[in-house]
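Laboratory data are not the source of any read-out in this text; all were calculated from the coordinates shown. None of the values given here were measured: they were computed from a predicted structure. With ideal geometry, Cβ positions are generated from the backbone for all residues, glycine too; neighbour counts draw on all protein chains shown.
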Amino acid sequence: MKPITRRKFSSNIAKGAAAIALTSNIPMAYACTPQNKKSLGIALVGLGSYSNGQLGPGLLKTKHCHLAGIVTGSPEKVPQWKEKYNIPDKNCYSYEDFDTIEDNKDIDIVYVVLPNAMHADFCIRAAKAGKHVICEKPMAVSVAECDAIINACADANVALGVGYRMQSEPSTDRFKEMIATRKYGKPHVVTADAGYVSRGNPDQWRLDKSLAGGGALLNMGVYAIQGIIYAAQELPISVTAQEFSTDPSYYNDTDETITAQFKFASGTVGSIITSHNAKGDRIFASCENGWIELDKAHSYGVIRGKTSDGTVIDSGPQSQQALQMDDFALHILKGAVNKAPGSMGKRDMIICEAIYESIAQGGKEIMLTLS
Ligand code: NAD
């Protein structure tokens with residue numbers, strides 16, 4: 001399917017294509033998506049641990065999208081994926097022939113699940129091929145790359161989502177709602193931790209700045225940043241940050257442990273800790289009349305929490321990835337809200353860059369202008 005650029009789209013409107021879009025449930029913005037599809041085909045790019053352990057299995061549980069194709073640099077993985085997910089040969093691509101996916105009507109969405117420094121290249125190629133794009137987190141390794149992805153998707157008139165699975169997770173929604181409705185009053189202090197111990201393989205790409213773009217902050221820190229934003233229900237206006245290492249010889253190319261403190265315009269203050277050498281999986285909001293906590297806040301299992309009056313938050317087991325991908329498909333098919341748009345991935349990258357800048361300037365307060 002050829003991408004419809006803004007220019008082409010305007011000219012199509014003049015030719016009467018607008019009437020087709022207006023008489024269907026498909027949002028005008030994505031009129032290039034076939035109108036008769038009930039389920040959108042996804043191609044996963046990169047068949048590493050997240051695709052293998054989470055996204056592939058999640059796509060067996062989705063209602064509005066399904067696994068239709070794979071793109072890999074490891075041909076030995078293809079037979080096993082073909083068999084497990086019933087993928088025809090014509091929907092299996094290498095990184096080299098990936099751009100020919102443009103002609104494949106089975107594929108509506110390309111989901112980029114590669115090392116962070118490869119996200120921008122593959123997302124832009126996917127958009128140019130006229131496919132909607134999901135980009136794993138962190139969206140890219142710089143704000144400039146986020147802008148390039150956003151612009152490519154806008155030019156091709158395709159949808160762009162970031163793989164922020166917690167944006168579709170029901171316990172997290174309940175936490176956000178309690179803050180937004182002021183169930184325990186205004187949040188005064190919000191904190192979030194996100195980390196794990198990434199030892200074992202010193203050659204892993206996550207410890208290599210050229211592939212990861214950064215360390216713990218870009219990997220897990222984006223969850224902590226998202227966490228304090230849910231907990232404050234507003235965007236921060238400034239940040240100060242510090243970097244530490246408990247094992248500088250192992251974590252020698254990328255950040256191991258970062259702490260950062262945030263101010264919000266309403267007077268709320270926040271802090272995060274993210275690490276590649278310590279576990280962290282919590283969001284806490286201390287409010288005027290009580291507190292709310294998620295303690296299992298970003299892990300794959302059941303997300304659970306509690307509050308100062310003994311209320312339990314627990315939406316039970318489900319595939320966070322299935323919920324996330326279905327939400328994105330419903331955005332394309334029915335015009336539902338895009339819960340994790342590219343602008344959100346870019347916003348978080350602006351915060352990450354400000355954190356690195358604060359560290360470089362000895363903990364200086366960096367002002368943020370976010371929207
Ligand atoms: P992984 O190392 O398990 O897989 C990476 C894949 O990229 C492999 O298939 C590998 O063959 C391929 N690859 C291509 N070029 C490579 C290169 N030069 N070096 C290394 N690998 C290369 O990683 P992963 O855990 O699947 O993570 C992939 C992406 O998904 C990352 O951006 C990560 O942040 C993101 N992720 C997100 C979540 C989430 O909860 N949303 C969870 C895990 C990973």
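Stretched out straight at 0.36 nm per residue, the stretch from LYS38 to ARG182 would grow longer than its current Cα-Cα span by 48.0 nm. Of the residues GLU234, GLU293, GLU145, the one that moves most in a GNM of the chain with alpha-carbon contacts below 10 Å is GLU234. Annotation: aspartates and glutamates with alpha-carbon distance below 12 angstrom to LYS183 (same-chain offsets under eight excluded): GLU288, ASP309. Can you compute the FRET efficiency between LEU60 and TRP291 using 1/(1 + (r/R0)^6), with r the Cβ-Cβ distance and R0 = 35 Å? Round to the nearest 0.05. Once the sixth-power term is evaluated, E becomes 0.40.
Compared with the dominant principal axis of the Cα atoms in the chain, helix 170-180 is inclined by about 60°. Here each label is just a point 7 Å from Cα along the line to Cβ, and for LYS128 and GLN318 those points are 3.8 nm apart.
Sorting TYR251, TYR223 by the number of Cβ atoms found within 10 Å of their own Cβ, with the fewest placed first, yields TYR251, TYR223. In this structure the amide hydrogen of VAL110, modeled in the peptide plane, comes within under 5 Å of the amide hydrogens of ALA43, HIS132, VAL133, ILE134, none closer than 5 places in sequence on its chain. Applied to region 72-89, the Karplus parametrisation 6.51 cos²θ - 1.76 cosθ + 1.60 on θ = phi - 60° returns per-residue 3J(HN,Hα) values of 8, x, 10, x, 5, 7, 4, x, 5, 5, 4, 5, 5, 10, 6, 9, x, 3 Hz, with x for Gly and Pro. Here the Karplus relation 6.51 cos²θ - 1.76 cosθ + 1.60, evaluated at θ = phi - 60°, turns the backbone of region 50-58 into coupling constants of 6, 5, 5, x, 10, 6, x, x, x Hz, with x for every Gly and Pro.
Here are some pairs, LYS296/LYS364; LYS37/LYS209; LYS61/LYS176; LYS77/LYS339; which of them have Cα atoms lying more than 30 Å apart in this structure?
Values: LYS296/LYS364 32 Å; LYS37/LYS209 41 Å; LYS61/LYS176 25 Å; LYS77/LYS339 32 Å.
Cα-Cα > 30 Å for LYS296/LYS364; LYS37/LYS209; LYS77/LYS339; rest within.
A Gaussian network model of the chain, with springs between Cα atoms under 10 Å, assigns the largest mean-square fluctuation among SER171, SER94, SER74 to SER74.
In what sequence do TYR85, TYR300 fall when counting other Cβ within 10 Å, fewest first?
Values: TYR85 18, TYR300 14.
Neighbour counts put them in this order, fewest first: TYR300, TYR85.
Our coupling estimate for region 283-293, obtained by passing each phi through the Karplus curve with A = 6.51, B = -1.76, C = 1.60 and θ = phi - 60°, is 10, 9, 10, 8, 10, 3, 10, x, 9, 9, 9 Hz, Gly and Pro reported as x.
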